[in-house]
Amino acid sequence: MIFVQVPTKHSKADLKIYRDAGAKVAAELAKHGTIERASIDEAYLDVTKEANAVLEKCERNEMDFYRDVLMSERVSRSHVAGALEWEARERRRKEKKRMRASLSDGSSGQQEVVVTYASHRDLRRGAVDEIDASNKTSINNNNTDKEDKENEEHVERKAGDPPPQDEASKSWLNRPLSEWSHREKLKIAGAYVCNVAREDCFVNLGYTLSCGVSSNKMLAKLTSGMNKPNCCTILEESFTPSLLEHLPIDRIRGLGGNLGEELSEVLGVTTIGGLAKADRKSLLMALGRDEKKTLWVQRAARGVDDDPVKERSAPKSIATSKTFRGAMCLETTDQVLKWIGELAEELSERTELDGQDWKRHPKTLTLGIRSNLTAHSAHRSHPLSGSGNDCQADNLKTLGGTIFKKFLAEWGIMNNRGFQCTVLSLTTSNFKLEVEKSDVGQGLGKFLKRGVDVFDLFDGGEEKLIMKSAKSSPRKKGEEEENEEQTRFTTLSPPAANKARTTTTMPSSSLHDLSGEDAPLFTK
């Protein structure tokens, strides 16, 4: 057994090398589609445009879909989520048709396939998704000899090798070309694009990635983690209901924490399929009559997610945290303040680097605390100037300590009696550019105003422009920023139809492509 020492700094793990690696992978992936970074080692990639381009080449006979795309090594070895259930249904259908004349009771004698899906927590402990052992014989009774031969020739997998492709995935991918719909072809083209991106990351950076290909970000993320490491998994829309039916609730993004646990306990369900069958009234009561959250859960349980891939490079926030398990939990003010100081030093360094890279500074400092006082993590914030002058470590430590003492005062706790802290975090957010949008109007911004003739500005037109602006009805600053943000978003976002989105996890990550015939393709 080989133990690897993670670099440490400020008395905790130093993730800089991982952040730098993630940034390099994101830059490489951005060459293949619209990218949205989700974390250090995870990103979504919208590859709809690129997938459609592949199909257009096939239509122009510049590529052969069957030979160059479907049967290429970039696709043919992929896994297909839900293919096991599909194959079982196909076998039952054919068996029932074949035996209908001979069986008086009309029964096919075939057992329904059962796939046991591990929870997200168990997956992290090394568990795998597998067919129920009690059903393996009946499902594969026609292939016993073939499988025995394959088992004899089985070669032990090395670390980092992708899992072997299952027979059901092979069967679905090897269907006659006449059985493929345009929607399914678009998915395969998306997988082809994603695997090209994975190859480039390995060749240029030396990192392997896993990917999931589906029609939205949520399903892409779900699919990307199903066959790690270094593997591509495709999810066809028609397989979504049967796949979600038996999946544990915590496998869906957003339901893996306290929310999923509470729903499971209150509603008495453990799978996403069970959650989808819950009536709206019970779900609404379980969620404290929160209409918005109830609607989101109902849609998520059915695999519906309209959240687009939002192209952005700069992170929305910068955070650092430390967990204190068991006997390591913090029980005194001095202990907490000491660790707030450690976190403040790291946060100050990273915030300063962020300011150099993006020419911006935070306007909010947030302290996160998980303790025995609250069921969930508590967060308290304090304003910053936005100039960057108050982001030094000492100042962040002082402000963090002030926030913590106010938190204790809320609970009437003196001398930390009965207080146990298990997680601390410090976050800077709500960034302000060094030159605000409202200040750019007298610079190059005026050249970008709609309806302005640039040459008029050099022939007395500037005065006319200023007079025209003065006469126009004033708008509030918030409305101006909102409208500018909407314009920027529209410019960067791909059209609503025929999108392809990909989610990529890096390194050893996953790409997903979720696309329908008139829907986007997403890869994670």
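Structural remarks
- Whole-Å distance, taken between Cα centres, linking segment 12-37 and segment 156-227: 20
- Here the label points at Y66 and I413, each 7 Å from Cα along the C-beta direction, are separated by 6.8 nm in the simple model.
- Three semi-axes describe the equivalent ellipsoid of segment 157-223; taken as square roots of 5 times the Cα gyration tensor eigenvalues and ordered largest first, they are 24, 16, 13 Å.
- Calculated P(r) of segment 214-327 - Cα pairs past 18 Å, %: 58
- Taking every alpha-carbon pair under 8 Å whose residues sit at least 6 apart, segment 253-301 reaches a relative contact order of 31 percent.
- Beyond 18 Å in Cα-Cα separation lie the following of the pairs K316/K432; K57/K187; K187/K217; K31/K359; K12/K406: K31/K359; K12/K406.
- Length gained when the stretch S317-H382 is fully extended (0.36 nm per residue, less Cα-Cα span): 21.9 nm
- Exposure proxy ranking, count of Cβ atoms within 10 Å, fewest first, for V75, V193, V203, V269: V203, V269, V75, V193
- Segment 253-301 shape via C-alpha gyration tensor axes, a/c threshold 1.5: rounded
- With the simple spin-label model, which puts each label point 7 Å out from Cα in the Cβ direction, the K310 to K292 separation comes to 1.3 nm.
- Ranking of K338, K57 by neighbouring Cβ atoms within 10 Å, starting from the fewest: K338, K57.
- In this label model, A375 and N395 are separated by 3.9 nm, measuring between points 7 Å along each Cα→Cβ vector.
- Segment 317-433, relative contact order in percent, only Cα pairs under 8 angstrom and at least six apart counted: 47
- Cβ crowding within 10 Å ranks H246, H379, H361 as H379, H246, H361, fewest other Cβ atoms first.
- If the chain linking D357 and D279 were pulled fully straight, counting 0.36 nm for each residue of separation and taking away their Cα-Cα distance, it would gain 23.1 nm.
- Whether segment 279-350 is rounded, prolate or oblate, judged on the alpha carbon gyration tensor where a/c under 1.5 counts as rounded: oblate
Bear in mind these aren't lab numbers, they're just calculated from the coordinates by the rules spelled out. From a predicted model like this one, the values you see are computed outputs, not experimental measurements. Note: ideal-geometry Cβ built from the backbone for every residue, glycine included; neighbour counts use all protein chains shown.
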